[in-house]
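Note sheet for the following structure.
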Amino acid sequence: MTELAIIGGSGFTNLEELEIVRREVIHTPFGEPSAPLTHGIFNGLNVVFLPRHGTAHTIPPHKVNYRANMWALRHIGIERIIGVAAVGSIRGDMVPGAIVIPDQIIDYTYGRHNTFFENDLTHVTHIDFTNPYDEMLRLALYNAAETAGIEVIAGGTYGATQGPRLETSAEINRMERDGCDLVGMTGMPETALSRELEMGYACCAVVANWGAGRGTGPITMEEIDLHLSAGMEKTRKLLSTLSGIL
Ligand code: HPA
C-alpha cells in the first residue's frame, strides 16, 4: 500500500532519493495528470511522487490539471499528501530559503476548475474547509523537522494567486492587510480538491523570494532559483525524515 504522496513544485521536479519501483500512467475523467505517478520507497516508506508542473517543468500554475492530479492520487488509494510549493514571502521573518508549514489559505485564483462537485449531482455538497490543512500531517512535519534539526516556521497564511505573472507591490500590500504571510500560485484549488476527496493534505512551503516590493529590486528568476535550491535541499531531508517516522 502506498502510504504517502508527495507533490513536487518548482525546484522539486524529481525525488532523487526515491528508490523507484514503477511508473504508472493514469487517465482520469478530468483529463491527464501532470505526469505518470512514480511509485517507490523513500526512507522505508511506500511513496508516490507527482511533479505538479510536469516532468520537464512545462505546465504553468494556472494550467495544472489539479482535478486530474487529485483524482489520480485518490484512485490509487492515497490518503495523505504533502504538497511542496515555492512561495514568495510577505512576512519579515519568513526569509528566502526558509521553510514554512502554513495553517491557513486565502484563495485569490479564478477561472480554475476548483471542485469535483458540480455535475451529475444528486445533492449539493459543501465541504468543511475551516482548517484547510491536515493537522496530524502538519504535526508530523514539525516532529520530522525537530528530529532532523531543520528549522521550520509553524503556521502562516498562504495567499494563492492566479499567476503566472508575479504580483504588484500594491497587491502584496493588500494581501498583507488581508492577513497573508506567503504568496504562491498553486495552493488552490489543490488543497480544497484533496479535502473533497477526503485526502489529508499539508503544505511544505519553501520561500524563494521576497514578495513584490519587499526586496531590494525586481524579482529575478536567478534569485528564485538560488533560494529554491537551498530550500529544496532542506525539504528533501525533511521529507526523508518524515517518511522514516510515518
Ligand atoms: N508570488 C507568487 N508565487 C510565487 C512567488 C511570488 O512572489 N514566488 C514563488 N512563487
Relative packing of peptides 25-37, 230-242 - highest average C-beta neighbours within 10 Å first: 230-242, 25-37
Low-density loop cleavage sites - trypsin sites (Lys or Arg not before Pro) in the stretch 97-179, where at most 11 other Cβ are within 10 Å (DSSP): Arg165
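What is the sum of charges, Lys and Arg at +1 and Asp and Glu at -1, for the other residues whose Cβ falls under 15 Å from the Cβ of Ala230? Spell out each step's value before the answer.
Numbers: positive: Lys234, Arg236, Lys237; negative: Glu151, Glu222, Glu223, Asp225, Glu233.
Neighbourhood net charge equals -2.
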DSSP-loop chymotrypsin sites (Phe, Trp or Tyr not before Pro) across the stretch 97-140, with at most 15 other Cβ within 10 angstrom: Tyr110, Phe117, Phe129
Mean ellipticity per residue at 222 nm, deg cm²/dmol - from DSSP H runs of n ≥ 4 across the chain, formula -39500 (n - 2.57): -9000 deg cm²/dmol
Environment charge at Met1 (Cβ cut-off 13 Å; Lys +1, Arg +1, Asp -1, Glu -1): -1
Candidates Pro60, Pro189, Pro96, ranked by Gaussian network fluctuation over the chain, Cα under 10 Å, top entry: Pro60
In the stretch 144-212, GluC sites (Glu not before Pro) in a DSSP loop with at most 12 other beta-carbon atoms within 10 Å: Glu151, Glu198
Computed E for Leu139/Arg236 - FRET, C-beta separation, R0 22 angstrom, nearest 0.05: 0.60
Other-chain or far-sequence residues with amide H under 5 Å of Gly83's (modelled H): Ile7, Ala202, Cys203, Cys204
Residues Cys203, Cys180 arranged by fewest to most Cβ contacts within 10 Å: Cys180, Cys203
Fluctuation leader among Val47, Val21, Val206 - the chain, Gaussian network, Cα springs under 10 angstrom: Val21
Nitroxide proxy distance, nm - points 7 Å out along Cα→Cβ at Asp120 and Thr147: 4.2
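Mind checking the full-extension length gain between Met221 and Ile26? Use 0.36 nm per residue of separation minus the Cα-Cα distance, one decimal, nm.
Details: separation 195, 0.36 × 195 = 70.20 nm, distance 3.25 nm.
In short, 66.9 nm is gained.
What does the net charge come to around Pro36 if you take all other residues with beta carbon closer than 14 Å to its beta carbon, with K and R at +1 and D and E at -1?
Values: positive: Arg22, Arg23, Arg52; negative: Glu24, Glu32.
Summing Lys and Arg as +1 and Asp and Glu as -1 gives +1.
To the nearest 20 debye, what charge dipole does the chain have about its Cα centre, counting +1 at the Cβ of each Lys and Arg and -1 at the Cβ of each Asp and Glu? If you can, show how the numbers build up before the last one.
Numbers: 18 positive and 29 negative charges, 67 e Å.
Once rounded to the nearest 20, the dipole reads 320 debye.
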Residue among Asn119, Asn131, Asn209 with the largest mean-square fluctuation in a Gaussian network model of the chain, springs linking Cα atoms under 10 Å: Asn119
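Report relative contact order for the chain in percent, whole number only (criteria: Cα-Cα under 8 Å, sequence separation at least 6). Walk me through the intermediate numbers first.
Working: 532 pairs, mean separation 65.3, N = 246.
With pairs under 8 Å counted, the relative contact order is 27 percent.
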Residues whose placed amide H lies under 5 Å from that of Leu166, excluding near-sequence neighbours: none
Spacing of the two label points (7 Å from each Cα toward its C-beta) at Gln104 and Ser169, in nm: 2.6
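Only the coordinates and a few stated rules stand behind these numbers; no lab work does. Only a predicted model underlies this, so the values are computations on that prediction, with no experimental measurement involved. Cβ sites come from the backbone with ideal geometry, for glycine too, and all protein chains shown count toward neighbours.
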